[in-house]
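A.B. asks: I have a structure I would like to understand better, so I am pasting it below and will then ask my questions one at a time.
Rule-based calculations on the coordinates, nothing more; no lab input. Computed from a predicted model, the values in this text were never measured in an experiment. Glycine also receives a Cβ, built like all others from the backbone with ideal geometry; neighbour counts cover every protein chain displayed.
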Amino acid sequence: MTILHTEASLGWGGQEIRIFEECCSFRDEGYRMLLAAPAESQIYARMNEAGFEVFSFSFEWRNLWNLGYIIRSQGVKLINTHSSKDSWMGGVAARLFGCRVIRTRHLSTDVRKGLNSILLYRYFADALITTCQVTADALQKQSGQKRCFSIPTGIKPEKVQLHYDAREKFGIQPTAFVVGTLCVLRSWKGVQNLLLAAALCQDLPITWLIVGEGSMRPLLEIQAQNLKNVIFTGHIEPPYEAIAAMDLFALLSTSNEGVSQATLQAATLGKPLLTSNIGGLPEVCLDGITGFITHSPEETAHYVKRFYNDRELCKTMGLAGQDLVNKNFTFTQTFNKMKEIYEQIL
């Protein structure tokens, strides 16, 4: 069976990594996996290097018939689209050239209501896949698409393991209490609010670990100038070694989140969670079970102090998080659910 993925994005993040990992797993199962993407994109380079059949493609409407040629000449039975530009063209091409199409939406941002969502998510899609339930529910309601499924991007717990003391790399004392976050430092990731909470906890010997790189870093460093024990690490690879150095993982995003890979990694490593009530974050941070949902810097500071004073609570919620990931959020489960949807659609 031949499946074509389309991706207009040039970058390399959670969305592109999921496409790559899915293609690898489906190829292992005997599927023929193709990719149409811009030649300058990172996913094009990585898929090509991994031995997949890749097509250099610019998602401009003048190239619609070229996409049709790929579909017909390669015997494509199903297109899986991912970003906005390629989803519009992929949906139209699927209808014109006689194959099925699945739209995977990776973000939890609002979609323009009306004809836009009805066309893109109902008429130009045989099924819609999202990465968190709140997005699936919202898009199903506004588009009328009946085949709407939430399939979070799971992780491979066996790969999120360390066999050394991660704190030593960051110069953190073994006995320190560490609160941290890991994300691309963008405005909507809520790191500003985490630093506001840190300002309210200066009476406690807490280390604050800000892991990641991005456009907001200079402003965040200015905000942290008068705070004690704030460490900016920049980008860390692999990322989970930084999470392993933490006692408490926080992600206070204000928009855009699906089911965060960082929260899944933190839960796998037995870290209690502190998150906002955005997108798929509450699906992993079960309030009062694997962590707490927080709505303000003041509330965040309150929960940080509670965890600091109750290490047994940290342990209990961390173990609950590990159990949750193993039950609901492994990549094996993601693959099995995707395979089931592919077979239903075809």
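A.B. asks: Radius of gyration and Dmax for the range 1-87's Cα atoms, expressed in Å?
C.D. replies: For the range 1-87, the Cα radius of gyration and maximum Cα-Cα distance read 11.9, 35 Å.
A.B. asks: Which GluC sites (Glu not before Pro) from the range 43-150 combine a DSSP loop assignment with at most 16 other Cβ atoms within 10 Å? Intermediate results must be reported in sequence, preceding the final value.
C.D. replies: Details: sites: GLU49, GLU53, GLU60; in loops: GLU60.
Qualifying residues, ordered by number: GLU60.
A.B. asks: Modelled label-to-label distance, LYS146 and ASN116, 7 Å Cα→beta-carbon offset: nm?
C.D. replies: About 2.7 nm, to one decimal.
A.B. asks: Cβ under 15 Å from TRP65's Cβ, TRP65 left aside: what net charge do those residues give with Lys, Arg +1 and Asp, Glu -1? Each step should come with its number before you reach the end.
C.D. replies: Values: positive: ARG62, ARG72, ARG95; negative: GLU60.
So the environment of TRP65 carries a net charge of +2.
A.B. asks: Let me ask you something else. Just the number, please: percent antiparallel of the DSSP beta bridges in the range 157-328, rounded to the nearest 5.
C.D. replies: Values: 1 of 20 bridges.
So the antiparallel bridges in the range 157-328 amount to around 5 percent.
A.B. asks: Under 20 °C and 1.002 mPa s, how fast does the range 105-249 diffuse according to Stokes-Einstein, given a Kirkwood radius computed over C-alpha pairs? Answer in µm²/s, whole number. List each step's numbers first, then the result.
C.D. replies: Working: Rh = 18.0 Å.
For these conditions, the coefficient is 119 µm²/s.
A.B. asks: In the structure displayed, which of LYS169/LYS327; LYS159/LYS327; LYS159/LYS305 lie more than 22 Å apart, Cα to Cα?
C.D. replies: Numbers: LYS169/LYS327 32 Å; LYS159/LYS327 17 Å; LYS159/LYS305 31 Å.
Over 22 Å Cα-Cα: LYS169/LYS327; LYS159/LYS305.
A.B. asks: Next question. Simple spin-label model, 7 Å along Cα-to-Cβ: GLU213 to GLU53 in nm?
C.D. replies: 3.7
A.B. asks: Once you list every other residue whose beta carbon is under 9 Å from the beta carbon of ALA36, what net charge do they have if Lys and Arg are +1 and Asp and Glu are -1?
C.D. replies: Values: positive: none; negative: GLU7, ASP86.
Residues close to ALA36 contribute a combined charge of -2.
A.B. asks: Of (1) 53, 46, 41; (2) 66, 41, 38; (3) 81, 47, 41, which one was derived for Cα extents along the principal axes in Å from the structure shown?
C.D. replies: This structure yields the entry labelled (2).
A.B. asks: As an exercise, use a Förster radius of 30 Å and the Cβ-Cβ distance of MET1 and GLU158 to find the FRET efficiency, rounded to the nearest 0.05.
C.D. replies: Numbers: r = 28 Å, r/R0 = 0.94.
Once rounded, the FRET efficiency stands at 0.60.
A.B. asks: Could you line up LYS228, LYS271 from fewest to most neighbouring Cβ atoms inside 10 Å?
C.D. replies: Values: LYS228 14, LYS271 26.
In increasing order of surrounding Cβ atoms, one gets LYS228, LYS271.
A.B. asks: Also, I was wondering about something else. What distance in nm separates the simple spin-label points at ASP28 and ARG62, each placed 7 Å from Cα in the Cβ direction?
C.D. replies: 4.3
A.B. asks: If only Cα atoms are counted, what is the Rg of the range 157-328, and what is its Dmax, in Å?
C.D. replies: Using the Cα atoms of the range 157-328, the pair Rg, Dmax is 14.4, 43 Å.
A.B. asks: While we're here: Could you check how many percent of all C-alpha pairs in the range 247-303 are farther apart than 15 Å? Spell out each step's value before the answer.
C.D. replies: On the way: 596 of 1596 pairs.
Taking all Cα-Cα pairs of the range 247-303, the fraction more than 15 Å apart is 37 percent.
A.B. asks: Ok, one more. When Lys and Arg each count +1 and Asp and Glu each count -1, what net charge do the other residues less than 12 Å away from ARG167, Cβ to Cβ, add up to? Provide the component values of the computation, followed by the final result.
C.D. replies: On the way: positive: LYS169; negative: ASP165, GLU168, GLU241, ASP247.
So the environment of ARG167 carries a net charge of -3.
A.B. asks: Please compute the length gained on full extension between ASN328 and ARG72, using 0.36 nm multiplied by the number of residues separating them and subtracting their Cα-Cα distance. Can you show the working numbers first?
C.D. replies: Details: separation 256, 0.36 × 256 = 92.16 nm, distance 3.77 nm.
This chain segment gains 88.4 nm when fully extended.
A.B. asks: Can you list the aspartates and glutamates whose alpha carbon sits under 16 Å from that of LYS228, skipping same-chain ones fewer than 8 residues off?
C.D. replies: Candidates past the 8-residue exclusion: ASP203.
A.B. asks: Taking the Cα centre of the range 157-328 as origin and charging only Cβ (+1 Lys, Arg; -1 Asp, Glu), how large is the dipole, in debye to the nearest 20?
C.D. replies: The dipole magnitude comes to about 120 debye.
A.B. asks: Can I ask one more? Kindly rank 30-38, 324-332 from highest to lowest mean number of other beta carbons found within 10 Å of each residue.
C.D. replies: Details: 30-38: 20.3, 324-332: 16.4.
Per-residue Cβ counts within 10 Å, averaged per peptide and sorted highest first, yield 30-38, 324-332.
A.B. asks: While we're here: With r as the distance between the Cβ atoms of GLN344 and ALA176 and R0 = 51 Å, compute the FRET efficiency 1/(1 + (r/R0)^6) and round to 0.05. Present the calculation step by step, with values, prior to reporting the outcome.
C.D. replies: Values: r = 50 Å, r/R0 = 0.99.
Result of the calculation: an efficiency of 0.50.
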